[in-house]
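Notes follow once the structure below has been shown.
The values are calculated or read from the model by the stated rules, or taken from the named source; none is laboratory data. As the structure is a computational prediction, the values presented were derived from the model and not from experiment. In this analysis, Cβ positions are derived from the backbone assuming ideal geometry, glycine residues included, and neighbour counts consider all displayed protein chains. Note: areas computed on protein heavy atoms with side chains; ligands, DNA, RNA excluded. Shrake-Rupley method; radii C 1.70, N 1.55, O 1.52, S 1.80 Å.
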Amino acid sequence: RKQANFKGLFSKELKNLMYGFGDDRNPANDTVNVMEEILVEFIADVCQTAGGPQRKTRLSIEDIRRALSRLPDAKKLARMEELLFMQEDIKRARA
């Protein structure tokens, strides 16, 4: 299967995240590119795991919860749950 080209898709956000975590205001492009490769690979792995052997075309939140429920990803799952709760809380506040 041909891999899509996502180069540069997250570079602006990654630069801001890297700065927020103590890197230089303008990090080296090579560093941002490596971080972006790692990020895209992680997202692809989570999506493939969430899709499971049936390879659904559309993933649900439950699929991603199941994929992140493995022990090494417990912190990521907790953060996802927190963000989903905050999203619902904002929806209720707007209503």
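State yes or no: is A67 surrounded by 10 or more Cβ atoms within 10 Å (Cβ to Cβ) and touching a Ser or Thr at 6+ places or on another chain (Cβ under 9 Å)?
Details: surrounded by 10 or more Cβ atoms within 10 Å (Cβ to Cβ): yes; touching a Ser or Thr at 6+ places or on another chain (Cβ under 9 Å): yes.
Criteria met by A67.
Could you check segment 37-55 and list, in sequence order, the residues that are farther than 26 Å from K15 by Cα and surrounded by 11 or more Cβ atoms within 10 Å (Cβ to Cβ)?
Step one: of segment 37-55, the residues farther than 26 Å from K15 by Cα are 48-55.
Listed by number, the residues that qualify are Q48, T49, A50, G51, G52.
State all residues of segment 70-95 that are open to solvent by 90 Å² or more (accessible area, probe 1.4 Å), modelled with pLDDT under 90 and not hydrophobic (A, V, I, L, M, F, W, C); if no residue qualifies, say none.
R70, P72
Hey, can you tell me all the residues within segment 1-10 that are hydrophobic (A, V, I, L, M, F, W, C) and either surrounded by 10 or more Cβ atoms within 10 Å (Cβ to Cβ) or not assigned by the TED database to the domain that holds R55 (or both)?
Pass one, segment 1-10, residues hydrophobic (A, V, I, L, M, F, W, C): 4, 6, 9-10.
F6, L9, F10, listed by residue number.
Only residues that are assigned to a helix (DSSP H, G or I) and among the basic types (K, R): list them for segment 34-68, please.
So in segment 34-68, the residues assigned to a helix (DSSP H, G or I) come out as 34-51, 61-68.
Residues satisfying the conditions are R65, R66.
Going by the conditions given, is V34 open to solvent by less than 70 Å² (accessible area, probe 1.4 Å), closer than 15 Å to F10 by Cβ and assigned by the TED database to the domain that holds F6? Can you show your working first?
On the way: open to solvent by less than 70 Å² (accessible area, probe 1.4 Å): no; closer than 15 Å to F10 by Cβ: yes; assigned by the TED database to the domain that holds F6: yes.
It is false that V34 is open to solvent by less than 70 Å² (accessible area, probe 1.4 Å), closer than 15 Å to F10 by Cβ and assigned by the TED database to the domain that holds F6.
Applying the selection to segment 11-30, what residues are of a type outside the set (G, A, S) and open to solvent by less than 60 Å² (accessible area, probe 1.4 Å)? Don't jump to the end; show me each part of the working.
Initial filter on segment 11-30 (of a type outside the set (G, A, S)): 12-19, 21, 23-27, 29-30.
Listed by number, the residues that qualify are L14, M18, P27.
Kindly indicate which of A74, A67, A50 is in the same structural domain as F10 (by the TED database), free of Cβ contacts under 8 Å to residues at least 24 places away in the same chain and among the small types (G, A, S).
On the way: A74 fails: in the same structural domain as F10 (by the TED database); A67 fails: in the same structural domain as F10 (by the TED database).
So the residue among A74, A67, A50 that is in the same structural domain as F10 (by the TED database), free of Cβ contacts under 8 Å to residues at least 24 places away in the same chain and among the small types (G, A, S) is A50.
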